[in-house]
Amino acid sequence: MEILPRPFDAQPLDGTSTVPKHVQLRESLRSYIVRSGEPGAAIPSERLLGEYFGVARMTVRQAVDCLVAEEVLERVVGLGTFVARAKVDLHMKMTSYTEEMIRRGMVPDARVLSFEQQGASPLVARELQIEIGQPVVRFRRQLLADGEPMSVDENFIPAHRVVGILDDPPPTSLYSVLSEKYGLVMEWGEDTIEATAASPSIARLLNVEMNAPLLKIQRHAYVARAMIDYSVSYYRADRYKLWVPLQRPGVRSPRAYSSKRLG
């Protein structure tokens, strides 16, 4: 038998108010979620919410739909409605995953899937602009934040650029090792971003359903004009949102003015 979670102390609706009931219900649920809701926790069914608040299921659905649209709640087909987990804004910068997660106040971790030298496949050779079969270092990892899988990354670096890197344990921060040990500070890069569906192997690593939506990002990173790193990353679409700053050519951004004033 389905019952309300204990305690469930959402604010009751005011029958004398001129504010529509679905709006009152939406704000009552929002307040309850902010106060008591844990990310990933299930909320009661529409039937139970209707009984608790004394409203029709259509009213409940209208309120819940609004919160889903605002990404306060998220629906999972066949399972129910849950308190949404905050998405990490994917701001593309030439920094390492470790640096980015620490900046966000999250605890980064990684599980190494492979760290080896191999001959460049036709695809890798084309992307790195080297000969087929030329030695490359392949570094593949499952990246986590606060213990939860976030992405699967695979980097390919021409082996002659990182002589001896395999003699040491796999690096915690690849870009830091490239910079500190080899003097290879990534100066610029190009990212190609597309939507894709999780293959069975990637789905297992990211703890998502097969064919779940992912962000696939291919990066070419350079030092001066030399390409040093080609990588392919698969990000969980339910944990990331893409943030892209836009600026009209020739117009200074507000941040630039702020920096000048603070200078």
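Values in this text are rule-based calculations from the coordinates and carry no lab data. Bear in mind that the values here come from a model prediction, so they are computed numbers and not experimental data. So basically every Cβ, Gly included, is an ideal-geometry build from the backbone, and we count neighbours across all protein chains shown.
Here are the numbers:
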| item | result |
| --- | --- |
| Taking N as its residue count, the alpha carbon Rg of the range 21-83 over 2.2 N^0.38 Å | 1.00 |
| Shape category assigned to the range 101-169 from the gyration tensor of Cα positions, a/c cut at 1.5 | prolate |
| Additional length obtainable on full extension of the chain from Gln117 to Asp167, 0.36 nm per residue less Cα span | 16.9 nm |
| Kirkwood Rh and Cα Rg combined as Rg over Rh, evaluated for the range 88-242 | 0.94 |
| Packing-based exposure ordering (other Cβ within 10 Å, fewest first) of Ser36, Ser151 | Ser36, Ser151 |
| Set of the range 152-184 residues, backbone N closer than 11 Å to the point 7 Å along the Cα-Cβ line of Thr196 | 152-154 |
